[in-house]
Amino acid sequence: MPIQNETRTVRRHTSHAILRGDILLLVILVFGVASVTVGRAASPAPSGIAEAIAWYDTLSFPNAKELSYVRVATGQWEQDGNGPKKNTFVEGFLLSDDSVEFTVFLCSIPDFKGDYSNERDDPPFTIARFKRKSGGEEYERIAYEILDFKQTASEALKRVREHSTKLNSRLLLGFPVSPLTRIFGFARAAAQKDLPEMADALMEIAAGISVPRSGAADPMTLRDWLQQDIGGVLLDRAESDVVDPSVSRSDLATRFEKINADFPASNKAEYAKETADILRRMADAESQHQTRPVEQLSTAERVAEYIYQLRKLSVGFWILYDKYPVMTDKKDGKDVLTPIHRLVDLGYAAVPKLIEALDDHSLTMSLEPVFNMAQRPQVLRVSDMAQRILEHISGRYFGPTFGPDGSFPDGSTSRQKAEAWWTEVQSSGEKQVLIQQAAAGGQSSVEAVRKIVRKYPEAALDAMYSAMRVAVNDGVRGEIVEMAKDLEGQAAMDFLHSNLTGMSGVHAQVAAATILQKRGKPEAVPAIIDAWKRIQSRLQTRDEDSYYEAGAIISFLAKSPDVRGIDALESVREKTPVEVRLAAVTVFLPWPHAAGEFSTGPGVPVRGDIAEFPGGAVGTAIEQLLIGLLSDRDPRKGLTGNYDEASYTDPRICDMAAMVLSKRWPDKYAFTWSESDADRDSQIARQLARK
C-alpha cells in the first residue's frame, strides 16, 4: 500500500526474498510515538547516564566491538512519484554470513536528517536475516557492503547535532521508538567500538532530550524512559507473536515475565505480569483439555467446547451486517465454519455461556486490526470474541458508552449489559425486544431492524417506520431504507415511494431509488435527477453534508442504465465546485478508483464499482461526458494519490478524465501519466482527435 506524506507519494515493494519469518526481534521498535523536545526545556533533563548504561547492558544485545558495520540493500524498493524505483537500505553490525544469507543487528541512525522521516520496514535493534539476491534489477538486490564505522559515527553525530532542533513534540510516526532511544543505542555501540568521545557526545544529546512526565511530579530518568520506550514495544512484539502457532503459551509466558522483570518502570510492566499469569493458566488448561467428537457432546458441552476453541482462532476482520461476524474459509468449494460460526448458529442456546465468557481474558491468536499508524494492533481475548458474538446475536452493543464529557454515564460492564438484555429477551421474547429496540433510536435501532427483516419480515415495515422517526440523520435513514430490498408487496412499495420524494433526506431517497430501479420502476431516475438539480445551490457552500449527498447522487446516476442519468451529469461544468467535477469523473474509474488517496478539505465520496461499461446510448453518453471534461484545466488542489502507474498531486480534471478514457477504452484513447503538464496536454490533444 502506498505511503503518503505532505509533500510526496512513495510506493514501496517488499521483496519476498527477505526471510521475514526468520527476523528475530530482540527489541522491535514499532510505531512508537514520543513527545520530545531538545535544548532548554521547561522541565529538567533526564539524569543518570551511568545507571541507564548499566541497565541497558543487562539486555544482552550483541556487543559491537568486533563486528563489522554494514550497509544493507534490502530489496524493498520505493518510488517517489513517477520517478525511478530505488532500493532501500538499513545499517548495522554483521553477525553471521554464508553463501545463502547473512544476519545483521540493526543499530543505526542514518536517517536522522531532513524532516526526520523514516519509512524503513526494518527497525533498529532488530536481528534480521536476509537472503541474498544478486540478480534482477538493481532496486531488487539484497546484499551488504562494509562501512568505516568511525566515519559513519562521525557523520551520524554531525547530523544529530545539526538537526537536533527538529526533535520536537510532533508525532514521529515513521519512528518505531523515540529518537532518544535510537541515539542512546547507537552511542552505546560507539563506546563498544572504542570511540569514547563520539559515544559521550551522542549520550549527552540523548540525555538532553526531555521526556514526558510519568504521572509523578518529576520527569522520568533516562533509564526509566528507556524502560518505558523499549519495554512497551517489546510487549507489543510479544503480543503480535501470539498469532504464531509455533510459539507455545509457555514460551510466551516466559517472554512476558521477562518484560515485567527487565522493564519495571514501563507502564505496561504490571500488564505483562498479568498476561504471563494468564498464559501459564492457559498452558495448564491445554495440557489437561480433552477433545471429544462433537456429535458425542450435548448442546451445552458443544457451546463450552466452541468457546474454548476461540483461543486458537486467528481472525483478520469482523464483518458488520452479514449472516456471520467473520468470513468463512473454503475447502473443496464448501464453507469451513469456525467455532465463531458454530456459536452464532446455536444462537440463544449459546448465550448463557457466552455471557460467562465475558470474564475470560485468555489470549486468542487474533490481533485487533488498526487503521492508523499511531497505535499497534492488540491481541484479542476470549472475552472480546464472546462480546462480538453476543452483539451479533443480539443486535446490541455491549461495550462502553461515553457521556459528552468522556465519562461512562451508566458505569455498567459489558457483562452487566449483556445480562440485562438477556433478561429482557427471556421476559418479553426476542421479537418484542427487537421491536422496542428499533423504536429506541441509535445504531442499535438499525441493527434491530436488520434482524427483524431477516427473522420476522411480517413486522419489518412497522419497525422501519418507527426507526425512521427516531433516526438521528439522513445516513441512518438511508441504511434503514436499504433493508427494504428484501421486502415484497404493495406495502413495501409504498414505503419506498414515500422515501423517493426526498422528504427523509438524500441518502434515503437514493436508497429507495436504487431498489425501485432494480425493480424496473421508471420513476427512480427522474427523482434523483431532481435531487441533483436541487443540490446545486448547496454545493456552492462546500459543506461536507452536501458533498456526501452529492457523492450518493453521482454514484446512482453514473450506474443508471437510463441515459437520462448520464445526461444530467453534463451539468458538471466550471461553476460546479472542482471537487464535485472530479467525483463525476473518478466515479467511472475501474475499481479501485482511489488507491492511497490523501486530501485536504472536504471531498465527494463516490461508489462507482462499474465492472463493465454499458454499450449503446448510455456508453456513448459517458464517453461524451468525459470528452467534454478534457478541456477542464482546473486542478483539485490538496489531493495526492496514485492509481495503477499514475502518482499525482493536485491533478487537473482533464488529466483524470483522460485517464478514465484510457482505462475504459484502451484501444481508442491512449494515455500514460506524466509529471509534465505539457506532456499530458499533448496526449489529451491526441485523445480529442480520436473522439
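The values are calculated or read from the model by the stated rules, or taken from the named source; none is laboratory data. Bear in mind that the values here come from a model prediction, so they are computed numbers and not experimental data. Every residue, glycine as well, gets a Cβ built from its backbone with ideal geometry; the counts of neighbours run over all protein chains shown. Note: accessible area is taken over every heavy atom of the protein model, side chains too, but ligands, DNA and RNA are not part of it. Shrake-Rupley method; radii C 1.70, N 1.55, O 1.52, S 1.80 Å.
Using each residue's phi in the stretch 464-475, evaluate 6.51 cos²θ - 1.76 cosθ + 1.60 at θ = phi - 60° and report the 3J(HN,Hα) Karplus result to the nearest Hz, with x for Gly and Pro.
Per-residue couplings from phi come out as 5, 4, 5, 5, 5, 5, 9, 4, 7, 7, 5, x Hz.
Using only protein heavy atoms and a 1.4 Å probe, report how much of PHE671 is accessible, in Å² to the nearest 10.
Counting only protein heavy atoms, the figure is 20 Å².
Assigning unit charges at the beta carbon (Lys, Arg +1; Asp, Glu -1) and nothing else, what dipole magnitude in debye, to the nearest 20, does the stretch 532-691 show about its Cα centre?
460
Under a point spin-label approximation (7 Å from Cα along Cα-to-Cβ), what is the LYS691-GLU51 distance to one decimal in nm?
Each label point is offset 7 Å from its Cα along the Cβ direction, giving 7.6 nm.
Please sort 662-670, 295-303, 650-658 by packing, taking for each peptide the average over its residues of neighbouring beta carbons within 10 angstrom, highest first. Present the calculation step by step, with values, prior to reporting the outcome.
Details: 662-670: 15.4, 295-303: 12.7, 650-658: 23.2.
Per-residue mean Cβ counts within 10 Å order the peptides as 650-658, 662-670, 295-303.
Put LEU313, LEU222 in order of accessible area, largest first, 1.4 Å probe: what do you get?
On the way: LEU313 25, LEU222 0 Å².
From most exposed to least exposed: LEU313, LEU222.
In whole Hz, what ³J(HN,Hα) sequence does the stretch 476-485 give by Karplus (6.51, -1.76, 1.60; θ = phi - 60°), x for Gly and Pro?
5, 4, x, 4, 5, 4, 4, 5, 6, 4
Can you return the aspartates and glutamates within cross-link range of LYS131? Criterion is Cα-Cα under 13 Å, with same-chain partners fewer than 8 residues away left out.
ASP22, ASP97, ASP98, GLU101, GLU140
Using the Cα centre of the stretch 639-684 as the reference point, and only Cβ charges (+1 on K/R, -1 on D/E), how large is the resulting charge dipole? Debye, rounded to the nearest 20.
In total the dipole reaches around 260 debye.
Rounded to whole Å and sorted largest first, what semi-axes of the equivalent ellipsoid does the C-alpha gyration tensor of the stretch 386-484 yield via the square root of 5 times each eigenvalue?
Details: eigenvalues 103, 62, 23 Å².
Taking √(5λ) for each eigenvalue gives 23, 18, 11 Å, largest first.
Given R₀ = 51 Å, what would the calculated FRET efficiency be for ASN267 paired with SER674, taking r from the Cβ atoms and rounding to 0.05?
Values: r = 51 Å, r/R0 = 1.00.
For ASN267 and SER674, the calculated efficiency is 0.50.
Could you order the peptides 87-95, 574-582, 540-548 from most to least packed, using the average number of other C-beta atoms within 10 Å per residue?
87-95, 574-582, 540-548
Give the cross-link partners of LYS668 among the aspartates and glutamates, using a straight C-alpha distance below 15 Å as the criterion and excluding same-chain residues fewer than 8 apart.
GLU623
Return the FRET efficiency for the residue pair HIS163, ARG342: r is the Cβ-Cβ distance, R0 is 60 Å, and the value is rounded to the nearest 0.05.
The pair HIS163/ARG342 has a calculated efficiency of 0.60.
In whole Hz, with x marking every Gly and Pro, tabulate ³J(HN,Hα) for the stretch 421-428 from phi via Karplus 6.51 cos²θ - 1.76 cosθ + 1.60, θ = phi - 60°.
4, 5, 5, 4, 4, 5, 7, 10
For LYS575, which lysines qualify as cross-link partners when the Cα separation must be under 18 Å and same-chain residues fewer than eight apart are set aside?
LYS533, LYS637
Hey, which of these cross-link pairs are over 24 Å Cα-Cα: LYS334/LYS663; LYS455/LYS485; LYS559/LYS691; LYS559/LYS663; LYS158/LYS268?
Check vs 24 Å cut-off fails for LYS334/LYS663; LYS158/LYS268.
With label points built 7 Å along Cα→Cβ from the Cα atoms of ALA420 and ARG538, find their separation and express it in nm.
Result: 3.6 nm between the two label points.
On full extension of the chain, what length is gained from ASN473 through LYS575, given 0.36 nm per residue of separation minus the C-alpha to C-alpha distance?
33.8 nm
Starting with the highest mean, order 320-326, 620-626 by the number of other Cβ atoms within 10 Å, averaged over the residues of each peptide.
On the way: 320-326: 14.7, 620-626: 19.0.
Most protected by this proxy first, the peptides run 620-626, 320-326.
Taking R0 as 51 Å, what FRET efficiency do you get between ASP681 and ARG564 from their Cβ-Cβ distance, rounded to the nearest 0.05?
It comes out at approximately 0.95.
What nm value, rounded to one decimal, do you get for the distance between LEU297 and SER68 when each label is placed 7 Å out toward the C-beta?
It is 5.7 nm.
Averaged across orientations, what area in nm² does the convex hull of the alpha carbons in the stretch 509-639 project?
With the hull built on Cα positions only, its mean projection is 7.7 nm².
For the stretch 311-352, what is the relative contact order in percent, using Cα pairs closer than 8 Å and at least 6 residues apart in sequence?
Contact order relative to length: 23 percent.
If one computes the Cα centroid of the stretch 317-355 and of the stretch 446-518, what distance in Å separates the two points?
The distance from the Cα centre of the stretch 317-355 to that of the stretch 446-518 comes to 27 Å.
I'd like the accessible area for SER60: 1.4 Å probe, protein heavy atoms, all chains in place, Å² to the nearest 10.
Taking all protein chains as shown, SER60 has close to 90 Å².
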